Ligand SMILES: [Ca+2]
Ligand SMILES: [Ca+2]
């Protein structure tokens, strides 16, 4: 539970600094400038995206993709999704429209799968199609990229998707699968941000390929990357679930090493220390880190008009922190701004066509699986 403190009269910078206070609690922002409407219920939803007509595609952990119309509450299952291994943290994960969706109707999605007794995250695409009777499917679904290597275990798949602003590249996150060292292994895609062509092949000119790294790698030394988003100036931001006391927001730059598991502002959950980030250590430090952790999930760069005060902000869902977190950006800098107690594990943050914020609860550990819409209060 968030500790509620009265900070309304303090300047923003003091609120930001107080987030890591001596009591070991993140300070909750006391007043919510939004009202919350419950739109629908899902079964452990993971991600959502808007179609151009205002309908949504929603993924559920167990492997369903659902076409949901917020205008009338209609839910239609989307056929054509491959078998998902949803054990542990496994799921049908992200869903994002092609930058050329108006022409190619292509939907990109990610999921965890089991092959030959080992598991990994896969990236796939298919063409959205709806028949006159309403039945809906993805046509011609192909897996276009698989993490390497596949390993045992059910954790830290990551699997978030973002397209570069020019629509030419697909950025894909691969978690380190709770195996630590693969994040520093130049041959593995685990613990990395990847830059791919739209067909899933490694993009030409990736920064470390000439040094013998896997040609898909854009940056490395990451842990469990559960959100990735571009800002208005084309900067790539990423959030990742770190070790104990080490959740992070990073500004992702090509070829840099973000340190895990060699350095982190957190420490291993078994108590083993990890050296903190320090100037000159050769590792790229996070722009924001949390101790205690928020357990981040989802990342949205806000561009809407109905919350004008939040332009140039990142929004992050909080799982264990049961919160919605706002991070204010200023060029290459970022700072904690708000953390609102939502009373449920928030898995996904999305922006609607009118600039409203849409959230998905993840349905685990007592949380429901609701879709929530946030609009300005009063
Ligand atoms: Ca989304
Ligand atoms: Ca540390």
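Let me confirm something: among 352, 318, which residue is more than 21 Å from residue 245 (Cβ to Cβ) and either without any contact (Cβ under 8 Å) to a residue 40 or more places away in the chain or surrounded by fewer than 23 Cβ atoms within 10 Å (Cβ to Cβ) (or both)?
352
Given the structure, is residue 290 more than 16 Å from ligand 1 (Cβ to nearest atom), buried (at least 24 other Cβ atoms within 10 Å of the Cβ) and in contact (Cβ under 8 Å) with a residue 60 or more places away in the chain? Explain how you work it out, then say what you get.
On the way: more than 16 Å from ligand 1 (Cβ to nearest atom): yes; buried (at least 24 other Cβ atoms within 10 Å of the Cβ): yes; in contact (Cβ under 8 Å) with a residue 60 or more places away in the chain: yes.
The answer is yes for residue 290.
Picking from 104, 69, which residue would you name as being touching a strand residue (DSSP E or B) at 6+ places or on another chain (Cβ under 9 Å), more than 17 Å from residue 45 (Cα to Cα), surrounded by 14 or more Cβ atoms within 10 Å (Cβ to Cβ) and free of Cβ contacts under 8 Å to residues at least 24 places away in the same chain?
On inspection, the qualifying residue turns out to be 104.
Tell me the residue from 190, 251 that is surrounded by fewer than 24 Cβ atoms within 10 Å (Cβ to Cβ), in contact (Cβ under 8 Å) with a residue 40 or more places away in the chain and either in contact with a helix residue (DSSP H, G or I) (Cβ under 6 Å, 6 or more places away or on another chain) or part of a strand (DSSP E or B) (or both), please.
Being surrounded by fewer than 24 Cβ atoms within 10 Å (Cβ to Cβ), in contact (Cβ under 8 Å) with a residue 40 or more places away in the chain and either in contact with a helix residue (DSSP H, G or I) (Cβ under 6 Å, 6 or more places away or on another chain) or part of a strand (DSSP E or B) (or both) holds for just one of 190, 251, which is 251.
Restricting to the range 193-230, and then to whatever is part of a loop (DSSP other than H, G, I, E, B) and surrounded by fewer than 19 Cβ atoms within 10 Å (Cβ to Cβ), can you tell me which residue is farthest from ligand 2 (Cβ to nearest atom)?
Filtering the range 193-230 for residues that are part of a loop (DSSP other than H, G, I, E, B) and surrounded by fewer than 19 Cβ atoms within 10 Å (Cβ to Cβ), the one farthest from ligand 2 (Cβ to nearest atom) comes out as 199.
Which count do you get for residues in the range 297-318 that are within 16 Å of ligand 1 (Cβ to nearest atom), touching a strand residue (DSSP E or B) at 6+ places or on another chain (Cβ under 6 Å) and outside any strand (DSSP E or B)?
2
Could you check residue 38 against (1) within 16 Å of ligand 1 (Cβ to nearest atom); (2) in a strand (DSSP E or B) and say which number it fails?
(1)
Each value in this text was obtained by applying a stated rule to the coordinates, not by laboratory testing. Everything numeric here is computed off the predicted structure, so don't read it as measured data. Heads up, the Cβs are rebuilt from the backbone with ideal geometry, glycines too, and the neighbour counts pull from every protein chain shown.
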